[in-house]
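The values are calculated or read from the model by the stated rules, or taken from the named source; none is laboratory data. Note that this is a predicted model, so its numbers are computed, not measured. Please note: Cβ atoms are built from the backbone with ideal geometry, for glycine as well, and neighbour counts cover all protein chains shown. The protein model used for the area step is the full one, side chains on, heavy atoms only, and it has no ligands, DNA or RNA in it. Shrake-Rupley method; radii C 1.70, N 1.55, O 1.52, S 1.80 Å.
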Amino acid sequence: METSERFHPDPATQTYADVLLPVAIAKAYTYIIPEEMIPHLAFGHQVEVSFGKNKRYAGIVVDIHRNAPGQSQPKPILSIIDARPLITPYQLKLWQWMAGYYCCSIGEVMNTAMPSNLKLASETRISLSPLYDHSFEGLSDKEFLVTEALSIQGELSLDEIRDILGQKTIYPVIHQLIEKRIIYLKEEMQTKFQPKTVACVRLQEPYASRPELLEEAFELTSRSVKQTDALLAFVQLVRTEPFVRKQAVYDMAQVDHGVIKAMEKKGILESYEQEISRLPGYEEEAVEISELSEAQETALAQLRKQLEEHPAALLHGVTGSGKTRLYVELIQETIRQGKQALYLLPEIALTTQIIDRLQKVFGDQIAVYHSRLNNNERVEVWRSVLEGKPVVLGPRSSLFLPFKELGLVVVDEEHDNSYKQQDPAPRYNGRDTAIYLARLHESKVILGTATPSLESYHNAKTGKYGLVELFERFGGLELPEVHIADLKTPPPPAGAPQPIFSTQLLDALRETLEQKEQAILFQNRRGYAPVYRCTSCGWTQQCEHCDVSLTYHKLQNHLRCHYCGFRATQVPACPACGNRDLRLQGTGTERLEDDLGIHFPDARIGRMDLDTVRTKHAHARIINDFEEHRLDILVGTQMVTKGLDFDKVKIVGVINADQLLHFPDFRANERAFQLLTQVAGRAGRKGSRGKVIIQALQTFHPVLKDVIAGDYKDFYRREIEERQAFKYPPFYRLIKITLKHKIPETVNRAAQHLAIYLKGRLDQRAIGPAMPYVSRVRGQYLLDILVKLERNNQLIHQSKEWILEGIREVHKLEGCSGVRVNVDVDPM
Ligand SMILES: [Zn+2]
Ligand SMILES: [Zn+2]
């Protein structure tokens, strides 16, 4: 019978499609292509398929073939969602590489790579809002569970959320999360992406293709003045516009829609909907840009030469040397060759300052892909890149856009650790992925920074990358003078706490304010005080769910956990010894702002940290206030170190350098050098020479010496020796495996098992398990296993397979299936 033949077709005569699904499975899944779809399907098309129990997904066709799969009878493709290819073969190759390199599934990569409006499913689903900053603070336990699940899976159906919460009524939680702008509801499949359209008119045939017949059309309208006017207006508009909006005709000819309707009936004009971009247009003329200085000319010539000889070049240029100006030059060359250019920046450095500047240079040729875009805008950028948009500016996620032919990738601030995605998988490094992406397109990469990562500088030193140095600030500006202020002298009176400000810093601030100039103070801790401690026995008030002490926030007058948002009031007496003398210790940005107000009651003081930039435009507003000198002193965390140009910053103060230098991590020195140099670079950008005061207890630390001298090379020489001696990158590759579970015995057993499994194969290259710096977060106990590998591709490849196999073994252990295991390749 015909129906049974349709349901049980001969596998040998079928055509199949391998479809990639946005779920954590290792491979594309094979489906049957129904007869009638065969002529319409090709690589990159989006199709609707069912997967698992009653689940429908939008997948992407990545192969079409006639090989019957070994699996049980494949299901048919249900529909073609979009008959235009959504991805390019380059993207598939990139995703495959990322899945292999970063030890995750290609479905997880696809999930991260695609804008959520392009990852549909049939039921109503929810996903994380692009406005959400991935902080879990301030969430109830239920809200947290949903948010965490979403950050792993990308999106969830309402049924799945019911399962996660173990309850039927979930609308209140969903509602709260929408209110907090953390999630949004996804629409039904078909109506997902709605392009913006405008009503337009065009000529009907034969006039459209034979303009010489237009005179006939005018004869047809000769008895109506209004119709003649409308046609005249149309003819005039069509000369200059790519399409003629109805409204423009109404406005110019002073007619209404009845007139157009009548002309449609006469066979002259017709109405249609024109798709237009939601992205704001930059119709103003591209502006002239400043001439290159001599130093910039030289550096540009060197860059060109280095890029001829190497796939990538490191541009090591001091802050204020005008690296952006060089990028612009090379991007323009790339466009002239008819290729695309990608300009990457850390998200936080994508300020309106840089966006404005580049939009003025490139006008409509540039698309900006940042987290503040809504989902429809993201899809529009995606499509515009697919259609050949010449320049894209964006954070690491713009690596996933469908470039057709990349000629140049710029990774600015290449040292910045926010290029690394921590959660969810793929835990990729945007800089390293950019190198691979460029290789796929046979294009070139520029890594720009004032403080190169050890890895990149090592690559340059060993000849893998080119190296270009630019040690002169643009416009003849001098680098700031850097001083160390010793917090030990004069010593505080017995029993008194360490003062926050040295006399040097106070004097310098006073002078700055008198001269109507500005200052930036940097302290890498937010809140008022990071510790609340018993003066008698040393007990500190801790989070109930995490292994960290609570930070006091004065504005809200409570203690808060910076890992989970847990809140508590200060206990009146020490629960360990009964002592009632408990004190706040340490200095956060909030206290700094407070104390400054006491020293300088007339100064206008602003603060920039995670607590003050939570709302949508707060970050831009603080920058703007400081730029336009409505603030005298800006206090902040490392947010103040990222890419800002301020004109009148006379003084930069670092409140406590010791905290940076004594962090238990092999990258602590590198981070400290980078942060201190970057924050110092904010001083004295225009006009006069700036001054930097670094307060420290351990004033003779070699890193401080290098920061004062601005001597990156000395810093590198010392640091690279240590890395080699202690088997760290760039000489060894690290893979960090983190296991989590709410029962300590369970995570212990799982970690021991995995460690034994790995040590049996990798010997001493597997280290641990060990407790991380913060060993409990959100009630989950954490253990780390570290794998250190020589740079031998075969060994690395084999090790990754062992790691994945070992994790599968762990999940088979009784009681261990619920242990979460994260693999982080090249952890930062
Ligand atoms: Zn006590
Ligand atoms: Zn906590």
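Summary table
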quantity: Peptides 56-68, 794-806 ordered by average Cβ neighbours within 10 Å, highest first; calculated: 56-68, 794-806
quantity: The range 533-549 - phi-based ³J(HN,Hα) in whole Hz, Karplus 6.51/-1.76/1.60, Gly and Pro as x; calculated: 10, 6, 6, 8, 10, x, 4, 10, 6, 10, 5, 6, 10, 10, 8, 9, 7
quantity: Under-5 Å amide H pairs with R820, H placed in peptide plane, nonlocal only; calculated: K740
quantity: The range 458-541, accessible area per residue, ligands and nucleic acids excluded (1.4 Å, Å²); calculated: 51 Å²
quantity: The chain: angle of helix 744-762 to the longest principal axis, Cα-based, in degrees nearest 10; calculated: 80 degrees
quantity: Stretch gain in nm, segment M252-T535, where the contour uses 0.36 nm per residue and the Cα spacing is subtracted; calculated: 93.9 nm
quantity: Pairwise Cα inverse-distance average, inverted: Kirkwood Rh of the chain (Å); calculated: 30.3 Å
quantity: Estimated FRET transfer efficiency (D602, R820; beta-carbon r; R0 60 Å; 0.05); calculated: 0.70
quantity: Extension gain, Q752 back to S140 (0.36 nm per residue minus Cα-Cα distance, nm); calculated: 217.0 nm
quantity: ³J(HN,Hα) computed for each position of the range 452-462 - Karplus, 6.51 cos²θ - 1.76 cosθ + 1.60, integer Hz, glycine/proline x; calculated: x, 5, 4, 4, 5, 5, 4, 4, 6, 5, 8
quantity: At R0 = 30 Å, FRET efficiency that the Cβ-Cβ distance of I174 and S79 yields, to 0.05; calculated: 0.60
quantity: Built amide H within the under 5 Å cut-off of I520, gap 5+; calculated: L634, I651, V652, G653
quantity: Reachable lysines, given that their alpha-carbon falls under 20 Å from the alpha-carbon of K705 and they are not under 8 places away in the same chain; calculated: K488, K691, K713
quantity: Out-of-range pairs (alpha-carbon distance over 26 Å; input K420/K740; K360/K648; K404/K800; K736/K812; K93/K812); calculated: K404/K800; K93/K812
quantity: FRET efficiency estimate (nearest 0.05) - Cβ-Cβ, I64 to E745, R0 51 angstrom; calculated: 0.50
quantity: Bridge type composition, the chain - antiparallel percent by DSSP, nearest 5; calculated: 60 percent
quantity: The range 794-810-the range 487-510 distance, computed between alpha-carbon centres (Å); calculated: 54 Å
quantity: Rough spin-label spacing in nm, given labels placed 7 Å along Cα→Cβ, for A568 and H797; calculated: 5.2 nm
quantity: E469-R304 pseudo-label distance in nm [points 7 Å out on the Cα-to-Cβ vector]; calculated: 2.3 nm
quantity: Angle between the chain longest axis and helix 503-514 axis [Cα atoms, degrees, rounded to 10]; calculated: 50 degrees
quantity: Distance between the range 242-268 and the range 313-356 - C-alpha centres, whole angstrom; calculated: 45 Å
quantity: Cα centroid separation, the range 71-113 to the range 602-622 (Å); calculated: 41 Å
quantity: Per the chain, cysteines lacking a partner by the 4.7 Å Cβ criterion; calculated: C103, C104, C200, C564, C816
quantity: Full-extension gain in nm, N374 to L232, via 0.36 nm per residue minus C-alpha separation; calculated: 47.2 nm
quantity: Sequence of H310, H662 when ordered by accessible area, the most exposed leading, probe 1.4 angstrom; calculated: H662, H310
quantity: Sparse-neighbour loop sites [GluC sites (Glu not before Pro); the range 535-595; at most 12 other C-beta within 10 Å; DSSP]; calculated: E544
quantity: Helix axis angle, 225-240 relative to the chain longest principal axis, alpha carbon, degrees; calculated: 50 degrees
quantity: Carbon/sulfur fraction of accessible area - the range 773-828, other protein chains in place, 1.4 Å, %; calculated: 47 percent
quantity: Contact order relative to length of the range 735-828, as percent, for alpha carbon pairs under 8 angstrom and 6 or more apart; calculated: 44 percent
